[in-house]
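Down below is the structure, laid out as structure tokens.
The values are calculated or read from the model by the stated rules, or taken from the named source; none is laboratory data. Because the structure is predicted, anything quoted here is derived from the model rather than measured. Here the Cβ is made from the backbone with ideal geometry for all residues, glycine too, and neighbour counts use every protein chain on show. The accessibility values were calculated without ligands, DNA or RNA, using every heavy atom of the protein model including side chains. Shrake-Rupley method; radii C 1.70, N 1.55, O 1.52, S 1.80 Å.
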There are 2 protein chains.
Amino acid sequence: MTSTAVEPGALVIVLVEPQIGENIGAVARAMLNFGVTELRLVRPKQAWPNPRAQAMASGADAVLEAARLFDTTEAAVADLHRLYATTARRRDYLKPVATPRHAAAEMRGFVTGGDRVGILFGGERAGLLNEDVVLAHTLITVPTNREFFSLNLGQAALLVLYEYGMSAEDIPRGERFEMGGTRPATRAELYGLFDQLEAELDEAGFFDNIRTKRESIVQNIRNSFQRGALLEQDVRTLRGVIKAIAGKRVPGSRRKKPPTA
Amino acid sequence: MTSTAVEPGALVIVLVEPQIGENIGAVARAMLNFGVTELRLVRPKQAWPNPRAQAMASGADAVLEAARLFDTTEAAVADLHRLYATTARRRDYLKPVATPRHAAAEMRGFVTGGDRVGILFGGERAGLLNEDVVLAHTLITVPTNREFFSLNLGQAALLVLYEYGMSAEDIPRGERFEMGGTRPATRAELYGLFDQLEAELDEAGFFDNIRTKRESIVQNIRNSFQRGALLEQDVRTLRGVIKAIAGKRVPGSRRKKPPTA
């Protein structure tokens with residue numbers, strides 16, 4: 001009895017007739033930033049391996065070294081279960097067109113389910129040929145400013161790969177995901193700050209000639225500290241500041257009531 | 001009585017000590033793709049205007065021409081109400097760190113409300129200085145592969161600007177947003193296709209020696225057409241194909257029952 005080997009799912013980037021080595025390097029770099037490593041090249045215009053691709057890859061050399069070369073797009077995608085093709089805005093194909101975000105969520109689902117999923121990117125000048133586009137199930141187009149669309153190969157790949165990376169389960173998406181080791185201050189910590197501050201102001205005679213306004217001024221001061229969403233560390237810093245300023249005051253230098261009061 | 005002039009909200013990109021002209025051009029291009037036009041440069045390392053920036057801007061020259069130069073970050077951000085700073089992963093600031101997606105939604109809200117919002121990007125080698133970072137309310141960090149983080153200035157700006165563009169109300173986000181002028185086929189159109197196909201198969205004698213299996217084969221054929229989510233145009237194309245193939249059959253050439261039946 002032989003066990004059936006199940007290949008794990010993967011995302012495969014296929015560049016068709018890429019012209020500029022730097023862009024291939026930029027794609028490899030974008031790939032590795034978002035955890036994608038399988039690169040295929042169909043008829044690159046410059047000799048391969050390409051030193052200018054390596055210079056631009058900035059440490060993603062392993063992706064370039066493992067890249068496979070193919071003579072035809074058909075051969076490059078033969079083992080893939082799902083295929084997407086990236087295009088600029090056009091409407092002459094009878095295929096669904098997805099945003100990178102929609103396509104990324106779909107691709108992530110397929111890859112998690114064990115499918116091998118490919119994305120075709122065309123060359124810098126002409127993009128993909130019709131005969132390549134028809135191989136794809138779905139087109140991907142980046143929604144941009146309607147009056148200005150200008151993304152090169154490396155930029156288009158970066159956006160699609162970024163969305164693929166963002167579709168991973170363990171990646172924070174729409175959140176603030178780090179607080180630098182601290183946390184928002186609790187209400188109790190804020191009250192501690194207010195008590196200290198107001199005691200020092202009373203001690204300094206701040207309210208002496210405006211006694212009737214004390215309550216509204218205290219509310220304004222307290223309110224001003226709410227706007228900034230103070231962190232616990234901020235509260236400690238401010239309390240230190242108040243203490244230091246109060247400590248500089250010469251004992252007995254309490255401000256006198258103005259004579260008009 | 002004078003009316004109070006209210007400045008409209010805007011997003012402003014501030015590059016602090018950018019080193020490479022091409023990257024400034026790439027930022028301008030990324031900006032215009034996503035409808036952002038206000039660029040400020042603090043002490044660019046190369047002379048300004050920079051012909052290499054213009055070459056890379058690919059039509060976003062107007063953004064470069066309107067760019068303003070400043071001697072200090074403080075002067076460059078003086079008129080802004082909210083400030084974000086982009087950083088690679090680090091944890092030594094007591095500031096909230098947001099993903100580009102979270103920050104974009106927040107910034108869009110502020111800009112819509114009339115605020116002038118800035119994003120600081122540091123130079124290629126060193127990033128932002130601490131004294132610049134402390135000016136910001138919130139840091140923006142792109143969540144990437146934990147083992148490989150390598151985004152240059154142009155790439156980081158592209159991702160943040162892309163998310164800002166995607167946060168606009170009239171931009172399709174997680175959807176398929178175009179069907180190339182056609183639409184998914186209706187169930188009625190599919191039944192029309194099935195009827196034609198099955199009639200032609202009957203006429204061609206396809207089921208003659210497998211009469212008992214006709215029902216399950218028909219179900220399999222019908223099922224196979226559901227998987228592809230056929231478009232209305234697909235149904236018309238397939239009906240034409242069936243008609244053409246059936247039309248080639250010489251009248252009376254109906255396949256004979258095999259002798260074993």
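Take each residue in B:160-166, count the other chain C-beta atoms within 10 Å of its C-beta, and the mean is 4. Put a plus charge on the Cβ of each Lys and Arg, a minus charge on the Cβ of each Asp and Glu, and nothing anywhere else: the dipole of region A:10-169 about its Cα centre is then about 340 debye. Shortest first, B:PHE110 label-point distances to identical copies amount to 3.9 nm, with the label point at 7 Å from Cα along Cα→Cβ.
Across region B:126-141, computed HN-Hα scalar couplings (Karplus, 6.51 cos²θ - 1.76 cosθ + 1.60, θ = phi - 60°) run 9, x, 7, 6, 3, 5, 7, 4, 5, 6, 7, 6, 9, 9, 10, 10 Hz from first to last residue, x flagging Gly and Pro. Closest approach of a chain B beta carbon to the axis mapping chain B onto chain A (residue, whole Å): B:LEU158, 3. With viscosity set to 0.692 mPa s at 37 °C, what whole-number translational diffusion coefficient in µm²/s follows for region B:10-169 from Stokes-Einstein and a Kirkwood radius over Cα pairs? Rounded to a whole number, D works out at 212 µm²/s. When the accessible area of region B:10-169 is computed with all protein chains present and a 1.4 Å probe, what percentage of it is carbon and sulfur? Carbon-and-sulfur percentage of accessible area, whole number: 51. Here the Karplus curve 6.51 cos²θ - 1.76 cosθ + 1.60, taken at θ = phi - 60°, turns the phi angles of region B:19-27 into couplings of 9, 10, x, 4, 5, 5, x, 5, 5 Hz, with x standing for Gly and Pro. The distance between label points at A:VAL218 and B:PHE207 comes to 9.0 nm (points 7 Å beyond Cα on the Cα→Cβ vector). Whole-Hz Karplus values for region A:156-165 come out as 4, 5, 4, 5, 5, 5, 4, 5, 4, x Hz, taken residue by residue from phi with 6.51 cos²θ - 1.76 cosθ + 1.60 and θ = phi - 60°; glycine and proline positions read x. The other copies place their A:ARG125 label points at 3.7 nm from this one, listed shortest first, where each point is 7 Å from Cα along Cα→Cβ.
Both chains summed, the buried accessible area for A and B stands near 5000 Å², from protein heavy atoms and a 1.4 Å probe.
Taking amide hydrogens as placed 1.01 Å from N in the peptide plane, the amide H of B:ILE140 sits under 5 Å from those of B:ALA85, B:THR86, B:THR87, B:ALA98, each at least 5 positions away in sequence or on another chain. Taking amide H positions as modeled 1.01 Å from N, with prolines and chain starts lacking one, the residues under 5 Å from A:GLY35 and 5 or more places away or on another chain are B:ASN145. Shortest first, B:VAL241 label-point distances to identical copies amount to 7.2 nm, with the label point at 7 Å from Cα along Cα→Cβ. First obtain the Kirkwood hydrodynamic radius of region A:63-124 from its Cα pairs, then insert it into the Stokes-Einstein equation at 10 °C and 1.306 mPa s, and state the resulting D in µm² per second as a whole number. Translational diffusion coefficient: 118 µm²/s.
Within region B:1-143, DSSP assigns beta bridges of which about 5% are antiparallel (rounded to the nearest 5).
The distance between label points at A:ARG52 and B:ILE242 comes to 5.4 nm (points 7 Å beyond Cα on the Cα→Cβ vector).
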